[in-house]
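Here is the structure we will look at, set down as structure tokens.
The values are calculated or read from the model by the stated rules, or taken from the named source; none is laboratory data. As the structure is a computational prediction, the values presented were derived from the model and not from experiment. So basically every Cβ, Gly included, is an ideal-geometry build from the backbone, and we count neighbours across all protein chains shown.
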Amino acid sequence: MMSGIGAAVAGLWAFVRKLEATAGNIANAATDGYKGERATLIEDGTGLPAVHVTFDQSPGASIQDPYGPVRETSNVELSREIPELLIAKKGYEANLKALTVQDELLGSLFDVIA
């Protein structure tokens, strides 16, 4: 049973990191030169969920400023970030529910033993 709790907690932390990356991308979508983060869920050596974070090095759009140099906009696309945010939110909720069920199961088990 403890492995179920460990898996749920690892899943929570993985989805928290994915939410952080997505939230940072959304917050910096209008920041010139910002390179978005990509948080990919992977399996660690013990079979638990983990996150691999990379920076998207693709260029943003180039804009010619009439009063200054050419500037590069952020490479973040909100049309990609919003679905990522929803997936991470649902993954977090699912792992939280699994943790709650494990907690209730252990509570019931302790009630039977006591």
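Scan the range 18-49 for residues that are in contact (Cβ under 8 Å) with a residue 60 or more places away in the chain and surrounded by fewer than 16 Cβ atoms within 10 Å (Cβ to Cβ) and jot them down.
Matches in the range 18-49: A23 only.
Would you confirm whether or not the range 101-110 contains a residue that is acidic (D, E) and modelled with pLDDT under 90?
Checking the range 101-110: at least one residue is acidic (D, E) and modelled with pLDDT under 90.
Quick check on my filter: what residues within the range 50-70 are within 28 Å of the chain's Cα centre (by Cα) and without any contact (Cβ under 8 Å) to a residue 24 or more places away in the chain?
H52, T54, F55, D56, Q57, S58, P59, A61
Kindly list the number of the only condition in (1) out of contact with any helix residue (DSSP H, G or I) (no Cβ under 8 Å at 6 or more places or on another chain); (2) closer than 18 Å to I82 by Cβ that fails for A29.
Status for A29: all satisfied but (1).
Look at T73 and say whether it is buried (at least 16 other Cβ atoms within 10 Å of the Cβ) and of a type outside the set (K, R).
Yes: the conditions hold for T73.
From (1) charged (D, E, K, R); (2) modelled with pLDDT of 90 or more; (3) within 22 Å of N28 (Cα to Cα), pick out the condition that doesn't hold for E93.
(3)
Can you tell me which residue in the range 1-49 is farthest from the chain's Cα centre (by Cα), limited to those that are β-branched (V, I, T) and within 21 Å of E93 (Cβ to Cβ)?
I5
For residues that are in a loop (DSSP other than H, G, I, E, B) and under 28 Å from W13 (Cα atoms), scanning just the range 48-69, find the one that is modelled with the lowest pLDDT.
L48
Take the residues of the range 79-108 that are of a type in the set (D, E) and either surrounded by 14 or more Cβ atoms within 10 Å (Cβ to Cβ) or touching a Ser or Thr at 6+ places or on another chain (Cβ under 8 Å) (or both): which is nearest to A8 (Cα to Cα)?
Out of the qualifying residues, it is E84.
Could you please find all residues in the range 70-101 being of a type in the set (D, E, K, R) and assigned to a helix (DSSP H, G or I)?
R80, E81, E84, K89, K90, E93, K97
Evaluate the range 8-28: report whether one residue or more is farther than 29 Å from Q102 by Cα and not in a helix (DSSP H, G or I).
Yes: the range 8-28 contains one or more residues that are farther than 29 Å from Q102 by Cα and not in a helix (DSSP H, G or I).
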